[in-house]
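**Q** Have a look at the structure that comes next, please.
The values are calculated or read from the model by the stated rules, or taken from the named source; none is laboratory data. Quick caveat: nothing in here was measured; it's all calculated off a predicted structure. Don't worry about glycine lacking a Cβ; one is built from the backbone with ideal geometry, like all the others, and counts go over all protein chains shown.
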Amino acid sequence: MNLIGSTPFHDMTPFLDMTLFHDRMNRLFENTLHRLPGEADGMSTWVPAADIYETDENLVVTSDLPGVDLKELDVRVENNVLSICGERHFERTVENEKFHRVERLYGRFERALALATPVDADKIQATYQDGVLRICLPKAETAKPKRVQIGKGQLIPFRRRRAASASRA
């Protein structure tokens, strides 16, 4: 019986595991401390989920923000920290409504994500479609990997040093 999932040894990255653990613990405490189950108004603090991945040229961030008006979004990069701020409003569309339960969260949110790689702030692009914010952050030239060109040349012979006692003899 296999109780613990196995991962190939080469895929195990302790820092990634610790980062994932840290993020999950933060979410657990944010959800527990800021939101009580079955709150009637849904106006507690919420933190939208975000995914970050890296290509050779860019960092890409996607975040689910359903029901948030584009005019309510503010995206900034400062000191290599990406900040996403906004607000989702609770809309009362039914007269004399008597809600039994409001589980979707509304109100102001703010998300700050430390970027692992320096980015070129002047070339950042963001799109917002169907409730999904996608931010493409081009890496700064200094952060991009550089290929070292190896030229043909004369081989340098390897010479062994003689032991000090052998050279005196």
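**Q** Among the residues of the stretch 63-81, which ones are under 15 Å from T127 (Cα atoms) and surrounded by 14 or more Cβ atoms within 10 Å (Cβ to Cβ)?
**A** Once the filter is applied, which keeps residues that are under 15 Å from T127 (Cα atoms) and surrounded by 14 or more Cβ atoms within 10 Å (Cβ to Cβ), the stretch 63-81 yields S63, L65, V68, E72, L73, V75.
**Q** Next question. Looking for whichever is without any contact (Cβ under 8 Å) to a residue 12 or more places away in the chain and of a type in the set (G, A, S) here; the options are G153, G67. Which one fits?
**A** The conditions single out G153.
**Q** Moving on to the next point. Being among the basic types (K, R) and in contact with a Ser or Thr (Cβ under 8 Å, 6 or more places away or on another chain), is that true of even one residue in the stretch 111-120? Reasoning before the result, please.
**A** Of the stretch 111-120, the ones among the basic types (K, R) are 111.
So of that shortlist, the ones also in contact with a Ser or Thr (Cβ under 8 Å, 6 or more places away or on another chain) come out as 111.
Yes, some residue in the stretch 111-120 is among the basic types (K, R) and in contact with a Ser or Thr (Cβ under 8 Å, 6 or more places away or on another chain).
**Q** Considering each of T32, T55, T13, T45 in turn, give the residue that is surrounded by fewer than 11 Cβ atoms within 10 Å (Cβ to Cβ) and at pLDDT below 90.
**A** Unique residue meeting the criteria: T32.
**Q** Just checking, does the stretch 85-107 include any residue being surrounded by 13 or more Cβ atoms within 10 Å (Cβ to Cβ), more than 30 Å from E141 (Cα to Cα), touching a residue at least 60 places away in the same chain (Cβ under 8 Å) and not aliphatic (A, V, I, L, M)?
**A** yes
**Q** Determine if the stretch 111-122 includes at least one residue that is exposed (fewer than 13 other Cβ atoms within 10 Å of the Cβ) and among the basic types (K, R).
**A** Quick first cut of the stretch 111-122, residues exposed (fewer than 13 other Cβ atoms within 10 Å of the Cβ) only: 112, 114, 116, 122.
If we keep only those that are among the basic types (K, R) as well, we get none.
Taking every residue of the stretch 111-122 in turn, none turns out to be exposed (fewer than 13 other Cβ atoms within 10 Å of the Cβ) and among the basic types (K, R).
**Q** Pick out the one residue from G86, G153 that is among the small types (G, A, S) and at pLDDT below 90.
**A** On the way: G86 fails: at pLDDT below 90.
Answer to the check: G153.
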